[in-house]
Structures are given as C-alpha cells and as structure tokens.
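Quick notes on the structure that follows.
The values are calculated or read from the model by the stated rules, or taken from the named source; none is laboratory data. Just so you know, these numbers come straight off a predicted model, no measurement behind them. Heads up, the Cβs are rebuilt from the backbone with ideal geometry, glycines too, and the neighbour counts pull from every protein chain shown. Only protein heavy atoms, including side chains, enter the accessible area calculation; ligands, DNA and RNA are left aside. Shrake-Rupley method; radii C 1.70, N 1.55, O 1.52, S 1.80 Å.
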Amino acid sequence: MLKYNIIPKPNRYQSLEGAYTVSSGTEVLCVQQFVSAGNFLTEYLKTKPVSGEGAIKFRKTDGMSPESYTLKVTNDGITVTASDERGAFYGAVTLKMILMQAQKQDGKATVNGLFIEDKPHYGYRGLQMDESRHFFGKEVVKRVLDQMAMLKLNTLHWHLSDDQGFRIESKAFPLLNEIGSRRQYAGFKGMGLDYRGEEYYHYYTQDEIREIVAYAKKLYIDVIPEIDIPGHTSAILAAYPALSCKGEETTVKCENGIFEEILCAGNEEVYDFLDKLFAEICPLFESRYFHIGGDEAAKGHKIWDTCPKCQAVVKEQGLKDAKELQGYFMSRANEIVKKYGKTAIAWNDCINDSFDESIVCQYWISHNLGAVRKQAYKRDLIMSPDSHFYFDVKYARIPLKKVYKFNEVKAGFGKPGQRIRGIECEHWSEWIDTEDALQFAMFPRAVAFAEVAWTELENRRYKDFKKRLAWYKTYMQKKGINYSRVEKRTWGVKALPIYHLGKDGKEYQKSEALKAKEN
C-alpha cells in the first residue's frame, strides 16, 4: 500500500524500514546528463547545500528501459537511478510529490523508507490544446505544461490552424496573419449562444513559438503542431482564396461546425504553398512529428467532385472517388513533411491502405473501428477516442470514472503485432474560451488520464485512485487551478448541447456553486 499519494501510481512500490530527513542544507548531486532533473528538484527545495547535511543522489546506470527510474529512500540517503534524462526527471517529479507530503518539522522534511521501480505503460502520453477556436496565450500554455510535467505527460499536441483562425506567424504568407488570424467575433454562435465579443485577432510570433518549445523541452515535453488540411481550412482560404477549387472569397468562421471550404487537390499551387509553409513552420518545432489533420473533409469532397482540376487528377491517377483523392492529397502532404525531417500524423477518418505506412494514425472516431484496428498492424497508432478522452464534452457524458476505466484491450487494441504508440486527451475550444473554462474541462479528468497513460492496467484501482486524488485536489487548490467539482455521469442525458459551453455551461455553474461552499 502506498504511503504517499503519488499520481500517476508507480508500477512497483515497497515500504522499507528507516527514514531520511531533507533539510535546507541537503545537497542534490547528479551526473552531468541529469542536471535538468536535479535543477527541477532544487527549484522546489530551494536548498543551500551545507557539508555534512546529506545528499539526494541521481545516478546513471545502463540497461533500464526508456523513461524508467528507481527511487530508494533509506537511513543512508535518497537515490534516484535511471538510464536516460527523462527517467531521471520522472524520478525527480515523484520525489517532489513525496516531499510535498512528507512530515515536516523545524524546516526539515522526513521521508519514510521506500523503494519504487517505475516505468510508463505508453511511450506517447499526450494532451491536446486547440488555440484556433480560442487563443489562450503563452503564459497559459506554460502553466498547462507545468501541470503536464507533474503528471508525467510527455507530448503537447498544439492545434494551431482551423476554420476559426490561423495562429502561427508566417513571414512567407503574411495574409495568413493579416486575414487568417482575424475573425469578426470572439465567441461563436450556436448551442443556444449568440456571437459574443469584439473582433478577435491573435497569433503566436515565431519567437513565442520557440520560447514555448524551449520551455516544454526543459520539462521533457514534446510539442507537436497541427495544421489541419485539406478541410478545416477556411482561415487559410480566407487569406488565399486561389487555393480553393472555385477561387471564391470566404471568411474566417465565427461558428462551430464542418464547412465545405477545402484546399484544391488538383491545383499544383496548393502543394507549392504547403511546401513553403511547412518549410517555415517545421524548423520552429524540435519534435520529429507534424500533424496534418485530414479529418471531416467529406463536405469538401462534394466540391472536388465538380472541380475540373480535381477530376483530372482522379482520372490521371486512376482513383475511384473523392475519398481516394484525399488519400492522394495526404500522401503528397506527407512527402512534403518528410522532406523537412518530420513524421506525419493524421486523423483516422481519412486513413486507408493507400497511405504511406510512415504516417501515424490518430484514432478519434469509431465509425469504422474495424479498419482502424487493422491499421494498427500497419502503422503506429495514437488512441484518443471521443468516447473517453474528449474533455470538451460534459462530465455528464464523459465522467471521471469513465476516463479512468479506459481499457485498450476491450477497445480491440493492444494485441500482439499492433503498433500502439500511446494515448492523448483532447481539449477542443469552440466553447472553452478562458483559462478557467479550460482548467474546468481538463481537471480532474487529465489526472485520471495521466494514470491510465502511465500505470499498468493490473495496478489501477478506481477507489484507490480517488483516495490519492483527494490529496491532489488540495495541491490544485494551492496552485489556483479551477478543477471541476462535478465529476459524475448524469444517466439518460441525450439532449444537446453535449459540450461545456465555457462559463455559460450548467456544469460549470454548478461546480462554481460547490466551490463557493468549500470556502
């Protein structure tokens, strides 16, 4: 049984005799490769080393699996052992969480004897932020990254382009910012809400992108950008209408939904545009991955069916229909991504057997789940099913317990030969328009998600998790995180809207009332 409330739960924990006391004079000693882990710990401890006050030691050994670590506390000291930097860092994160709970007296913290041997279940442990629909800014992103690090999540999927805004500075295509980063209203019409706010004009400068990527790197978090193509491109086409099939002017959208606007698959200028754009964006991100979207393009397929340029490609390439034409389009986009040293990721509703096997499949919608399971034998797969990990959806439909109970085997994955990279939770922001609303949607579900991502299924127990979560909530309160006090399913809920609607949502308002009672 765990002595301390550690989340995600370590995969092996053993209590030992003895204890060790950490004081302001305790040294943190580490090999050069593990300096970042040591710095992370000393930033929390604020120690001023004094000879004879003992030490926390970070040691490097060979042969341990990626991201794994051991943590040992005895009367003789505290030792973290790992083979790589990430493992050392996660050992430091666990130790920080333990020290936060350790018995304290006279400015000293006493840690009970223990041995932890730990490694992640999934190599890819992702969290997605959508800043096309609503823009949060770099300080909010950094605070999200801080919480990801505490939960041992290692990938930020950053959705930066969609129908409602293009959010990366482009010097090659300035109209993407002058026009594509601007829309008429801040808030969207729909789901019972009307247009809200003034003109909305936001994007990240390239220097800000670099700053956030560097910040994430210190926390061992990979940042993957997404430029969604060929659909979800109203913001791009508002700036450069000649890239569409009809060349007609359009607008950056102030509504939620799926639109017909689509890049022309038969126009060579489109591929030249993507080449120049990706050449500009790819160097901003150190990740080897680049997300090219591909979802919900079916409405645009109708335009392709009547476009002479698109139909010429269909005939020339011997394609059957617009769905196969999208395969052609995505394959060409993939070649551009590869040209700049990246591996493409695409949503599962566009992927078929014609796709290059290097393209990673991100599973989100289960309308063709059998085909997705088969793709897992051909290519790497990231699981983010909208039934479990879409956190823009109400707790009434995706309660905390449902997140925690996700089981890849029951979903038809995790079989021998399937190439499961990991899992990811989504925060689409059509209706999440403030940091408070984002935190409400994210927490505490992201805490449960993190344990699913790290801890082996046989080591997970929901009741046990809830006990540990109680402590984590006190931590979130101290950090000022607006986590939801509403967590449970509301049975029989079928009525729209299924989304939170930000501060206008009933669940949000109920949570605020419960929070007020706590105070």
Whichever residue in the range 242-266 is under 14 Å from E296 (Cβ atoms), in contact with a Lys or Arg (Cβ under 9 Å, 6 or more places away or on another chain) and among the aliphatic types (A, V, I, L, M) and, among such residues, is surrounded by the fewest Cβ atoms within 10 Å (Cβ to Cβ) = I258
Run D436 past the list (1) more than 21 Å from the chain's Cα centre (by Cα); (2) open to solvent by 40 Å² or more (accessible area, probe 1.4 Å); (3) more than 27 Å from G414 (Cβ to Cβ) and report the number of the one that doesn't hold.
-> (1)
In the set L243, L237, which member is over 24 Å from S429 (Cα atoms) and touching a helix residue (DSSP H, G or I) at 6+ places or on another chain (Cβ under 8 Å)?
-> L243
Verdict on Q206 being over 18 Å from A437 (Cβ atoms) and touching a Cys at 6+ places or on another chain (Cβ under 6 Å) | no
Inside the range 444-467, the number of residues satisfying the requirement of being surrounded by 16 or more Cβ atoms within 10 Å (Cβ to Cβ) and assigned to a helix (DSSP H, G or I) is 12
Sole miss for Q418 among (1) in a loop (DSSP other than H, G, I, E, B); (2) among the polar types (S, T, N, Q); (3) over 20 Å from N348 (Cβ atoms) is condition (3)
Tally the residues that are among the polar types (S, T, N, Q) and in a helix (DSSP H, G or I), restricting the search to the range 369-415.
-> 1
How many residues, within the range 66-86, are more than 20 Å from T21 (Cβ to Cβ), of a type in the set (S, T, N, Q) and either open to solvent by 10 Å² or more (accessible area, probe 1.4 Å) or in a strand (DSSP E or B) (or both)?
-> 3
From Y377, Y363, residue being open to solvent by 70 Å² or more (accessible area, probe 1.4 Å) and over 24 Å from D272 (Cα atoms) | Y377
Taking the range 31-65 and keeping residues in a strand (DSSP E or B) and either among the acidic types (D, E) or open to solvent by less than 50 Å² (accessible area, probe 1.4 Å) (or both) leaves A55, I56, F58
Would you check if there is a residue in the range 10-22 being surrounded by 14 or more Cβ atoms within 10 Å (Cβ to Cβ) and charged (D, E, K, R)?
-> no
Checked against (1) in a loop (DSSP other than H, G, I, E, B); (2) modelled with pLDDT of 95 or more; (3) open to solvent by 20 Å² or more (accessible area, probe 1.4 Å), N482 satisfies every condition except (3)
From the option list A470, A441, single residue qualifying as open to solvent by less than 10 Å² (accessible area, probe 1.4 Å) and in a helix (DSSP H, G or I) is A441
Within the range 276-295, identify whether any single residue is on the phi < 0 side of the Ramachandran plot, acidic (D, E) and free of Cβ contacts under 8 Å to residues at least 60 places away in the same chain, and answer yes or no.
-> no
Which listed residue is among the acidic types (D, E) and open to solvent by 70 Å² or more (accessible area, probe 1.4 Å), from E226, E208, E199 = E199
Taking the range 121-151 only, how many residues are assigned to a loop (DSSP other than H, G, I, E, B) and open to solvent by less than 20 Å² (accessible area, probe 1.4 Å)?
-> 7
All positions within the range 329-362 that are not in a helix (DSSP H, G or I) and not hydrophobic (A, V, I, L, M, F, W, C) | Y340, G341, K342, T343, N352, D353, S354, D356, E357, S358, Q362
When residues of the range 190-216 are limited to those that are under 30 Å from G505 (Cα atoms) and of a type in the set (G, A, S), the one modelled with the highest pLDDT = G197
Tally, over the range 333-373, of residues that are out of contact with any strand residue (DSSP E or B) (no Cβ under 7 Å at 6 or more places or on another chain) and at pLDDT below 95 | 16
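Evaluate the following for Y215: is it surrounded by 22 or more Cβ atoms within 10 Å (Cβ to Cβ) and closer than 30 Å to K9 by Cβ?
Against the criterion (surrounded by 22 or more Cβ atoms within 10 Å (Cβ to Cβ) and closer than 30 Å to K9 by Cβ), Y215 does not qualify.
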Determine which single condition E27 fails, assuming it passes every other condition in (1) open to solvent by 70 Å² or more (accessible area, probe 1.4 Å); (2) touching a Pro at 6+ places or on another chain (Cβ under 6 Å); (3) not aromatic (F, W, Y).
-> (1)
Scanning the range 184-201 residue by residue, those hydroxyl-bearing (S, T, Y) and assigned to a loop (DSSP other than H, G, I, E, B) turn out to be Y185, Y195
Test: Q509 is open to solvent by 40 Å² or more (accessible area, probe 1.4 Å) and either outside any loop (DSSP other than H, G, I, E, B) or within 24 Å of F406 (Cα to Cα) (or both) = yes
What pairs come up if the first residue lies in the range 307-323 and is open to solvent by 100 Å² or more (accessible area, probe 1.4 Å), the second is assigned to a loop (DSSP other than H, G, I, E, B) and small (G, A, S), and their beta carbons are under 6 Å apart, counting only those six or more places apart or on different chains?
-> K309/G266
